[in-house]
Amino acid sequence: MTEVPGSEFDLAAGLVLFAMGFVAPAAAVLESFGVDKDARGNARAGTEEARVGPLPYATNVAKVFAAGDMRRGQSLVVWAIREGRQCARAVDQFLMGTSALPR
């Protein structure tokens, strides 16, 4: 990817999801949000089994969740799909107080 000068623009949003693909997380993005990083530079966020924040996939920053390659590093797409679904459930629980989404 290369930056295209003059292509910047702002969008109003109530929710932003980054789908970055098979790349390491951009350190500047994590730093701008204040998200803690693990030893490999990935976003530090836990799972159902090992929570970091109040909910699975929550980071140390309120309202910021991380899953897939952003959390565990480059891995198989099946892990990203599983974590994406579980993270969506955690976000739903955060927003609605409960979730009927599958695990």
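Computed over protein heavy atoms with a 1.4 angstrom probe, the accessible surface ordering of L101, L11, largest first, is L11, L101.
The residues M96, M70, M1, sorted by heavy-atom accessible surface at 1.4 Å with ligands and nucleic acids left out, run M1, M96, M70 from largest to smallest.
Given a Förster distance of 30 Å, report the FRET efficiency between L101 and E8 from their Cβ-Cβ distance, rounded to the nearest 0.05. Once the sixth-power term is evaluated, E becomes 0.30.
The values are calculated or read from the model by the stated rules, or taken from the named source; none is laboratory data. Remember, it's a predicted structure, so these values are computed and weren't measured experimentally. Don't worry about glycine lacking a Cβ; one is built from the backbone with ideal geometry, like all the others, and counts go over all protein chains shown. Surface accessibility is based on the protein's heavy atoms, side chains included, excluding ligands, DNA and RNA. Shrake-Rupley method; radii C 1.70, N 1.55, O 1.52, S 1.80 Å.
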